[in-house]
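> Please see the structure below; I have some questions.
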Amino acid sequence: MKKEAKIRPFWYSDIWLFPKIITIITSLDSKGRLNAAPYSHIMQYDVMPKNPRLILGFRQSSHTFENILATGEFVVNCPTAEYLDDMMQTARFWPEGVNELEHTSFTTIASLKVKPPSIEQCPQIAECTVDQVIRLDKSSGIIIGKIEALVFDEELIDMDRDERINTMNLPVGLGDQNRKYYYHAKLQPDNIIMHELEEPPDAMRGADTKTTLDWSEEAMVTLMRIPPGIRKMVTENTENWVREKGETIVTMELFMALAEEQGMSSDFFDRFRDERKKKPA
Ligand SMILES: Cc1cc2nc3c(=O)[nH]c(=O)nc-3n(C[C@H](O)[C@H](O)[C@H](O)COP(=O)(O)O)c2cc1C
């Protein structure tokens, strides 16, 4: 039988189990002093490359939130599981002006687009500026951050997801007990489960997609690899656009030209062209 639980302050961690990303945000205060602290309430906001943005939730009195308001810049650094102890050092309530990284084995490197430095040992980094600030009454301060640069250890960028998951070794945050005992999980290579998203028996109908123009073979193969959830929208937008151009056949060149016009570079299609092989069981 199910039972409703009481919604208390910090319900998202008090009762609701919410596995999430572990990051350390580096920021500078108005005097230029470095601050670092862990943050997990982070997710994508705008997923398109034209104005890529993240949404982040803060305690409004945190030094990080205050610094971001004062300077408009911050860096989201993702530490590997080996650095969980160092990450927890940065979570302590150090006084204002303390550089938490001095209590860790982390070192910093200059960021590419913003003034706060990045953490050298973090393989995945987002350099951000402030897009919007939302202050909730007696609750979180929300920042929508514009991603100025996504920065990785070079060898990770072209890796397949399988290999990248194992190489990056990012921990998963499992929340805390009473703001004192923090739980994390390490991903073990033999404990990662991959599923291929299968098509319904009749893929076009399953995605509720109908074509009204002819499609070249290559364009059709690419269309069919676009996830069913967005395939109908992509088909309609593409056919309308091709019609406006006075064309009657959707070729790969037209398909890519439209994507380019919408801010997606042609390598966007590579992920649909390049079928990943299913791992042997
Ligand atoms: C794994 C982890 C994740 C955290 N995530 C958040 C978060 O998303 N938002 C928040 O306000 N505090 C979060 N905290 C708590 C802050 O890191 C903590 O209050 C810290 O002392 C703030 O430091 P600052 O004042 O230098 O910003 C988290 C702590 C840990 C250990």
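A short reminder: the numbers here are calculations on the coordinates, not readings from a lab. Every value quoted in this text rests on a predicted model; they were computed, and no experiment measured them. With ideal geometry, Cβ positions are generated from the backbone for all residues, glycine too; neighbour counts draw on all protein chains shown.
> Using +1 on the beta carbon of Lys and Arg, -1 on that of Asp and Glu, and nothing else charged, what's the dipole of the chain about the Cα centre, debye to 20?
1460 debye
> Let me ask something else about it. If neighbour count is taken as other Cβ atoms inside 10 Å, put HIS103, HIS195 in order from fewest to most.
Numbers: HIS103 14, HIS195 6.
Placing the least packed residue first, the sequence is HIS195, HIS103.
> How large are Rg and Dmax for the stretch 3-63 when calculated on the C-alpha trace, in angstrom?
15.3, 51
> Which angle from 0 to 90°, rounded to the nearest 10, does the C-alpha axis of helix 228-244 make with the longest principal axis of the chain?
Relative to the chain, helix 228-244 is tipped by roughly 60 degrees.
> In units of 2.2 N^0.38 Å, what is the alpha-carbon radius of gyration of the stretch 56-193?
Details: Rg = 16.0 Å, N = 138, 2.2 N^0.38 = 14.3 Å.
Rg over 2.2 N^0.38 Å, computed on Cα atoms: 1.12.
> Rg and Dmax of the stretch 32-86 over Cα atoms: what are they, in angstrom?
12.9, 37
> Once the mean 1/r over all distinct Cα pairs of the chain is inverted, what Kirkwood radius in angstroms do you read off?
The Cα-based Kirkwood calculation yields 21.8 Å.
> By the scheme Lys and Arg +1, Asp and Glu -1, what is the net charge of all other residues having a beta-carbon under 9 Å from that of GLY175?
-1
> Between beta-carbons, use under 10 Å as the cut-off and find the net charge around GLU100, counting Lys and Arg +1, Asp and Glu -1.
Within the 10 Å Cβ shell, the charges total -1.
> Compute the Kirkwood hydrodynamic radius of the stretch 165-252, taking the inverse of the mean of 1/r over all pairs of distinct Cα atoms, and give it in Å to one decimal.
Radius from the Kirkwood sum: 16.8 Å.
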